[in-house]
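For reference, the structure discussed in these notes is given below.
Derivation of every value follows stated rules applied to the coordinates shown; laboratory data play no part. What you see is a predicted model, and the numbers here were worked out from it, not measured in a lab. Cβ coordinates were reconstructed from backbone atoms using ideal geometry, including for glycine residues, and neighbour counts include every protein chain displayed.
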Amino acid sequence: MRLRKELWFGFSLMAVMLAAIAVFMPWGHMTNGHLGLLMLALVVVAIMLGFPTAFTLMGMGVFFAWLAYRSVNPTLAVQHVLDLFVQRTYGVMSNDVLIAIPLFLFMGYLVERAQLIDKLFKSLHLALARVPGSLAVATIVTCAIFATATGIVGACVTLMGLLALPAMLKAGYNVKVAAGAITAGGCLGILIPPSVLLIVYGATAGVSVVQLYAGAFFPGFMLAGLYAGYVIVLAKLRPDLMPPLPESERQVPLPPHAQALARDGGHALCGLWRALVGRTRAEVPRYKVAGQFLVTLLPFLMIALLLGIAYRSATAPVVNSIPAGLAESGKEVSALEQSTESSTGLAAPPEEKDPADSSPPATDALPNESGVAGTVDESKSGSASDSGAAATADKLKETATVVSQERLPVPAWFWIVFAVAAVVLSLTYWRWSWERLEVFKLLMKSFFPLALLILAVLGSLVFGLATPAEAAAVGAFGGFLLAGVYRYMAHRRAGSGAVLGNAFKEYGAIIRESSFLTAKTSAMVCWLFVGSGIFAAAFALLGGQEVIEKWVLSMDLTPVQFMLLAQGIIFILGWPLEWTEIIVIFMPIFIPLLPHFGIDPLFFGLLVALNLQTAFLSPPVAMAAFYLKGVSPPHVTLNAIFAGMMPFMGIQIVALALLYLFPAIGLWLPQVLYK
């Protein structure tokens with residue numbers, strides 16, 4: 001029986017690793033450090049052979065931890081290993097950051113199964129009908145929005161494979177281009193918040209999940225923009241790969257009132273204004289005209305609101321504050337430090353503690369309504385009997401002041417944004433036909449509920465109104481409501497009997513399936529954390545981390561060289577392993593090396609998240625390809641899907657280079673919001 005190419009690749013890679021172990025391992029005089037490296041290599045081989053990742057990590061960790069303890073005290077080795085297992089398991093159970101994972105997953109599965117994306121794709125298809133490669137561009141945009149609403153990769157690829165692939169194949173699109181657009185767009189959920197990967201990385205590396213989410217916005221949408229730009233350029237150069245849509249599929253049927261008003265002119269804004277002031281012959285009710293006119297003004301109102309918020313933020317006065325904390329309970333405070341914040345007036349949240357700690361993440365100290373970050377008065381936890389400390393705290397609270405100065409001058413970037421917005425609005429309303437008005441209404445109906453959900457979740461999280469767990473709970477509740485409303489509206493439009501009963505029955509099935517999938521995925525993530533904790537502890541006990549650090553430091557690398565080495569290793573690991581395995585196994589090895597090279601763990605996490613999309617886009621694993629193949633017609637082969645993904649992998653490398661060369665793409669927003 002002939003083996004497939006990906007199996008040959010996997011077995012060849014394992015053979016190379018085993019040969020390297022056999023040749024380079026000093027079998028005659030092995031130290032504990034060598035045992036740690038052997039454990040690391042055996043874990044990778046076992047995972048590639050198909051053993052469950054979590055239990056492989058636990059089994060290897062327990063066995064090698066026993067070897068480490070046995071080398072010190074053989075009689076107590078078993079007891080120490082059992083204590084280690086319990087401590088690491090409890091550390092995972094008490095990690096508040098991980099609470100957000102099942103809630104975000106539940107929200108994503110609800111949104112997926114409630115069919116909220118179907119109408120969005122159809123309306124985007126009509127809105128982008130005149131753009132070259134419109135169906136592929138609409139697919140990428142829909143995937144980006146779906147990723148923002150769910151953060152689930154497999155669900156997005158599968159759903160778009162059912163929605164977009166038949167439409168693209170029917171329109172004559174090349175199979176490779178269609179498959180590449182779906183798989184690449186579907187993987188945007190790895191990077192774009194609310195990404196589960198960023199939560200796992202934050203819990204593993206001790207980095208604020210809130211800051212990771214804020215930093216991932218621009219890189220994620222930059223990558224989506226690069227994907228869409230590549231598709232448009234390719235469609236321009238090779239129109240045979242993505243034929244333009246026929247005119248019949250670009251037209252939107254007009255409702256009766258729009259047909260009546262369109263007789264007096266083809267411009268919707270002017271026609272509605274004439275009807276509103278009574279200068280038209282069409283007999284359309286005034287309330288309907290007013291409603292349509294308000295819908296027409298929505299783009300102007302939304303941009304005006306955003307510009308107003310940007311103006312207030314850019315010209316906010318500098319805030320001078322005196323902190324009101326105490327040095328230690330029962331001791332006098334040595335000095336008061338006066339700090340002047342940046343023009344945003346926001347202070348950085350405190351650093352997160354160890355992921356095994358049960359304390360809340362760093363998102364608790366976020367800006368309040370006055371624009372000044374709230375600080376926890378830690379002196380309250382000190383000795384209540386020490387009157388000197390209490391008196392000093394009261395004195396500091398009385399002297400803590402906030403001095404507001406005059407507003408700052410308007411920066412140049414605001415006027416640039418204002419000019420761009422004015423040009424965009426002018427072009428939009430210049431070509432505001434009745435057909436475009438109907439397309440805009442379709443977009444609003446399909447995107448507005450999702451926009452509310454995204455704003456409630458990510459807005460409350462990024463702007464400090466909620467912790468990750470609280471924002472995830474809001475999202476889960478919002479998805480719960482949206483799923484019920486959409487199912488009811490779908491049955492009502494169908495006009496079938498017993499609308500409420502049928503909708504409730506289908507809604508119950510959606511809740512049941514989503515709950516099961518959430519429990520299944522959450523259990524996998526939690527067991528992965530338990531296994532990785534035991535594995536990391538055994539690796540540290542054996543001194544494997546110290547051996548790797550000495551090896552890396554002995555090469556005398558520059559920060560650029562270290563970054564290239566680390567990202568290259570992660571890129572190669574993305575071929576045989578999934579992102580969960582790379583995060584929980586290898587990030588604890590890389591993170592301790594970052595301070596030596598002066599690399600921000602937040603920036604490193606953004607690069608890792610962008611890089612780890614290779615785990616879904618590169619053969620032989622390429623889970624996105626297998627998700628798509630499972631819902632594709634028989635003539636769409638796995639090789640064609642792999643070939644279609646290769647150009648998008650190249651774009652991903654370009655995005656990595658851009659993010660590294662211009663770190664402000666990922667760091668600007670966290671610095672503005674939290675510094």
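So the values come out like this:
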| read-out | value |
| --- | --- |
| Protection proxy ranking of 432-443, 185-196 - average other beta-carbon atoms within 10 Å, highest first | 185-196, 432-443 |
| Order of Glu249, Glu506, Glu406 under a 10 Å beta carbon neighbour criterion, fewest first | Glu406, Glu249, Glu506 |
| Likely footprinting exposure, Cys270, Cys526, Cys156, fewest C-beta neighbours within 10 Å first | Cys270, Cys526, Cys156 |
| Dipole of segment 462-618, positive end: most advanced residue of Gly464, Phe539, Thr558 [Cβ charges, Cα centre] | Gly464 |
| Whole-Å distance, taken between Cα centres, linking segment 538-610 and segment 200-259 | 31 Å |
| 5 angstrom amide H check on Ser433, placed H, neighbours 5+ away | Ala268 |
| Order by protection proxy (mean Cβ within 10 Å, highest first), peptides 101-113, 538-550 | 101-113, 538-550 |
| 3J(HN,Hα) from dihedral phi, segment 425-440, Karplus parametrisation 6.51/-1.76/1.60, rounded to Hz, x for glycine, proline | 5, 4, 5, 5, 6, 5, 10, 7, 8, 5, 5, 5, 4, 5, 5, 5 |
| Total charge dipole magnitude, segment 420-570, about the Cα centre, Cβ charges on Lys, Arg, Asp, Glu only, Debye to nearest 20 | 880 debye |
| Karplus-derived HN-Hα couplings along segment 505-511 (A = 6.51, B = -1.76, C = 1.60, θ = phi - 60°), whole Hz, x at Gly and Pro | 5, 5, 4, x, 5, 5, 4 |
| Listed pairs Lys170/Lys445; Lys122/Lys170; Lys170/Lys236; Lys170/Lys629 exceeding 22 Å between Cα atoms | Lys170/Lys445 |
| Selection from Pro239, Leu191, Ala164 lying farthest towards where the dipole of segment 116-243 points positive, charges on Cβ | Pro239 |
| Estimated FRET transfer efficiency when R0 is 25 angstrom, pair Lys550-Met25 (beta carbons, to 0.05) | 0.90 |
| Trypsin sites (Lys or Arg not before Pro) within segment 126-192: DSSP coil, no more than 10 neighbouring Cβ in 10 Å | Arg130 |
| Cα gyration tensor category, rounded, prolate or oblate, for segment 407-564 with a/c compared to 1.5 | oblate |
| Burial ordering of Ser522, Ser123, Ser532, fewest other beta-carbon atoms within 10 Å first | Ser522, Ser123, Ser532 |
